[in-house]
Every structure is written in structure tokens, then in C-alpha cells.
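J.: Pasting a structure here, questions to come.
Just so it is clear, none of the values below were taken in a lab; they were calculated from the coordinates. Given the structure is predicted, the values throughout are model-derived calculations rather than measurements. So basically every Cβ, Gly included, is an ideal-geometry build from the backbone, and we count neighbours across all protein chains shown.
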Amino acid sequence: MSAAARRCRALFVAAPASGQGKTTVTAALARRHVRQGARVRVFKAGPDFLDPLLLAAAAGSPVHNLDLWMVGEAQCRQLLAEAAREADLILVEGVMGLYDGTPSGADLARAFDLPVLAVIDASAMAQTFGALVHGLATWPGHPRIAGAFANRVGSHGHRQMLAESLPAGIPLLGALPRDPAPALPSRHLGLLPPDEIAGIEETLEALAQAIDAPPLEALPEIDFADAPVATPTTELAGVRIAVARDAAFAFCYPANLSLLTAMGASLAFFSPLEDRRLPPCDALYLPGGYPELHLARLSANLAMHDAIHAHHRAGRPIVAECGGMLYLLESLTDARGEVGALVGLLPGRAHLQRSLANLGLQTLALPGGELRGHSFHYSTTEMNLAPAGETRPARHHGRPEPVWHIGRLLAGYLHLYLPSNPALAAALFRP
């Protein structure tokens, strides 16, 4: 794009490990600055659906994912540049620990010179807080550490000890108290979606009031420049795509929907829980979600089962990812042993287990190219159909995922990131 680069205040919110409070701190910072009149854009590092929903509720704007492997450096750079042109503050929530993964959050922060805010749960430590920050700031290949943030602080005196423990040149930029800071509830796949959290607005407001954070003008500024990203073609002009969206099917990258509309498709959202028929459509998109939490209602909606079978018999495309794939099976058994009879388009059954079945970045090879994405699921599947192929894990120790084809149906555990190959994405949905 031709627009000039813009300076914008920014922070990469990282931690030494998961569970330190990155999402809570990022949400609190976003809401605090929004309430003070700033325009805030938030991003989530890595493949994630639930944290972005919560962060979008806090900031009041869509949250896109950034990942050097899945999204690509050029697209990440362009997303950041576009945000910088409309925002006063950009917040990027990291993933896992700062140096975990390949590429890691540190790699992402370093690629775009994002200053890091190191969030640490300080509830059971004092001077060791400074040691952890020192380690994050001096590990080989470290990004710029702008400051530290103490989460779950017990008292003013505790805060002072933490601040005094920090290495020279790294200030304590903020803190959240241990009590009464509100907690964000979670379940097996992560945080609860905001529309399932009672009083979510009150919680976000309470976090914004509880957080001790510097004013906007005290945060670091950096330059965000455009990257040469190809403009999507209009290969889906006139194509109508029905997209499942409700409490059972909410895991879809915003970038996927943006790409489909940019290529000319019109999107019609529907609810497999509530609706008895599909909207008029040429293709069907069933993203992931929590079908296991809504088995009775999904099972009872036989009219929707019939509508999906009719769509498939007509030879129209269907893309089903993870929870969407489970919905098309003959049955699904939840963690309590309850069984739900589902659409039955795929000859198989799945069982939800209490331990993680697979997690990782994956590549799917199809005629015409490759698509990237990730898998994250607790269920196992018994299919009476040979897979058409399997994904290739991005990491050498990863486990591949099977992929099934029946006619124009593509189904599997993989959550696709469609902008990784727009032309191939268009081919999946084109009648």
C-alpha cells in the first residue's frame, strides 16, 4: 500500500510461562486506555481463538492473530501497519513463555521491534521477580524489554520490593493486585468466550480500574511500515457462503472471513443450534467450537441435519474444521459419557477425553498448493473411512492429523488459516 509508515505506541505483553496473567493484563490495559479516550488495537500472537474474543470485548475492535509461520512475516507487518494508521496504542499478547516455540514470541517481537512488557505472577515471590526479568532480558536473541509488570501483588510494600529487585534500566511499568482483581474463568480449551461470562463488562471495567499502569504518553513509540502483500483476487465474486456461528461454533479466524469477503463472497451466518434450515448458499463453512457442550440441542435439530445432507448431495462445497468436523460424525460422546447422535455425513464417532489429544501448527497439502493452520483438541475419532491424507506438523516432534474427503466435503481437525494461500482457499469454497 502507498500510505506512509506511522509511529504508534506499542507493547508486546509477554511472560516467562503460561498462566502468568497475560490475557488479563492485556485486557485490563486495553480497557483502561479505551476508557481514557485512546484508540486501541489488540493482536494475539500464535494460533488462538478464545483470547482474541475476550481481548476484542475489552478493546471494542476485532483482534487478529500474528504468527511468523502461520500468518507470515509480510502479512503480520501489514496487519500492524494498518492498525497503526488508526490507533493510538497497539497491544500484542504473546503466547506461552516469551522464548517458547519455533518461532517464539521473542522472534515475533524482535521482527517488528515491539517493546516487551514482561508480566510475572509475583504472588509467591519477592527478589526472584527481578531475577526472572533479568533472565528474560539477557537470554540470547532477546527482544527489547521495555519494563516489567507484576501480577497478583499482595500489598504496597510487596510492590516496592518487586520494583527494587529489577535490573538497572528496566522499570516496573505496572501491577495488578491479588485481591480484589477479578478472575477470568476458563475450561478445557482455554478462557470462556465473553458471551458466556456473566457480568463480563463489569469484570473488564473492574480490571481497568484495578490496574496500576502508566499513562499512554509514557509508553514507547515505534515505526510501523507497510509490507508488499498481494491484493486478493475476486475469485469468489457472487458466491454465497453459509458460516456456522453460535455458542457451539465460534472458533474462526477473523482473517478467514475478511479474506472470503475480500475475494467477493457474501457471508450468511446461521446457528446449527437454533436454525432449522441453511440460508441460501453455494458453500458451507463449519468452523470449530464446543459441540460437546451442546450435544442435546445439536442432536435434536434433525431439520438442520437434513439440510446439510441435502447441501452435500447437491455437490456443493463444505469445509468442516475440528468441532465442525465432529458435528458431521454419526455420534459424539462428551467427557461425562453422554452420547449425541449428530449429522452422520461422516461415518464415524468421536469421544471427548480429559487429556489433550493434539496441539500444534500444521500444513495441509492439496492439489494446487498448501494451506497452513493448527490443531488443538481433546477428542479422539474412530472413522470407518480411510483418510484422503494427513497434515504435516510444522515441528519435528508434532503429530499429523488425518483429513477426509467425500465429494466436495473437506473435513479434519485442522483449523485452517485461509490467508496462507488465498487461491487455494477460494478453490475450496468455489462451486
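J.: Would you please classify the overall shape of segment 6-224 from the alpha carbon gyration tensor, given that a ≥ b ≥ c denote the square roots of the eigenvalues, rounded means a/c under 1.5, and beyond that prolate means a/b larger than b/c while oblate covers the rest?
T.: Verdict is rounded for segment 6-224.
J.: Could you please state, rounded to a whole Å, how far the C-alpha centre of segment 130-162 is from the C-alpha centre of segment 68-112?
T.: 21
J.: Ranked highest first by the average count of other Cβ atoms within 10 Å around their residues, in what order do 44-52, 169-177 fall?
T.: 44-52, 169-177
J.: Before rounding to the nearest 500, sum -39500 (n - 2.57) across all DSSP H runs of length at least 4 in the chain and divide by the residue total; then give [θ] at 222 nm in deg cm²/dmol.
T.: Calculated mean residue ellipticity at 222 nm is -7500 deg cm²/dmol.
J.: When a/c reaches 1.5 or more, the comparison of a/b and b/c decides; with that in mind, is the chain rounded, prolate or oblate per its Cα gyration tensor?
T.: Prolate, because a/c is 1.5 or more and a/b exceeds b/c.
J.: Suppose the chain between residue 74 and residue 261 were pulled fully straight at 0.36 nm per residue; how much longer would it get relative to their current alpha carbon spacing?
T.: Difference between extended and current length: 65.3 nm.
J.: So how do 158, 134 line up by other beta-carbon neighbours within 10 Å, fewest first?
T.: 134, 158
J.: As an exercise, use a Förster radius of 30 Å and the Cβ-Cβ distance of residue 268 and residue 39 to find the FRET efficiency, rounded to the nearest 0.05.
T.: Computed FRET efficiency for residue 268 and residue 39 comes out at 0.45.
J.: For the ranges 246-255, 286-295, 135-144, what's the packing order if you count other beta-carbon atoms within 10 Å of each residue, average per peptide, and put the highest first?
T.: 286-295, 246-255, 135-144
J.: Helix 128-138 sits at what angle to the longest principal axis of the chain, using alpha carbons and giving 0 to 90 degrees rounded to 10?
T.: Between helix and principal axis, roughly 70 degrees.
J.: Roughly what angle does helix 22-35 make with the longest principal axis of the chain, taking Cα atoms, 0 to 90 degrees, to the nearest 10?
T.: 80
J.: What number, in percent, do you get for the relative contact order of the chain if the mean sequence gap of Cα pairs under 8 Å and at least 6 apart is divided by its residue count?
T.: Computed value for the chain: 14 percent relative contact order.
J.: Could you tell me the calculated FRET efficiency between residue 233 and residue 339, based on Cβ-Cβ distance and R0 = 45 angstrom, to the nearest 0.05?
T.: Efficiency at R0 = 45 Å is approximately 0.50.
J.: In whole percent, what relative contact order does segment 257-360 give with Cα contacts below 8 Å and a gap of six or more residues?
T.: For segment 257-360, the relative contact order is 24 percent.
J.: Now for a separate question. Set the Förster radius R0 to 41 Å, insert the Cβ-Cβ distance between residue 397 and residue 163 as r into 1/(1 + (r/R0)^6), and round the FRET efficiency to 0.05.
T.: E(calc), rounded to 0.05, equals 0.55.
J.: Using the Cα centre as the reference, give the magnitude of the dipole from point charges on the C-beta atoms of the chain (Lys, Arg: +1; Asp, Glu: -1; all else neutral), rounded to the nearest 20 debye.
T.: 280
J.: Here is a further query. So what's the angle, to the nearest 10 degrees on a 0 to 90 scale, between helix 200-210 and the longest Cα principal axis of the chain?
T.: That works out to roughly 20 degrees.
J.: Moving to a separate point now. Order by neighbour count: 165, 375, fewest other Cβ atoms within 10 Å first, most last.
T.: Taking fewest neighbouring Cβ atoms as first place, the list is 165, 375.
J.: In what order do 64, 305 fall by count of nearby beta-carbon atoms within 10 Å, going from fewest to most?
T.: Ranking 64, 305 by Cβ neighbours within 10 Å, fewest first, gives 305, 64.
J.: Distance in nm between label sites at residue 179 and residue 142, each 7 Å beyond Cα in the beta-carbon direction?
T.: 3.5
J.: Sticking with this one: Once you keep just the Cα pairs under 8 angstrom separated by 6 or more residues, what percentage relative contact order results for segment 6-224?
T.: Dividing the mean separation by the residue count of segment 6-224 yields 28 percent.
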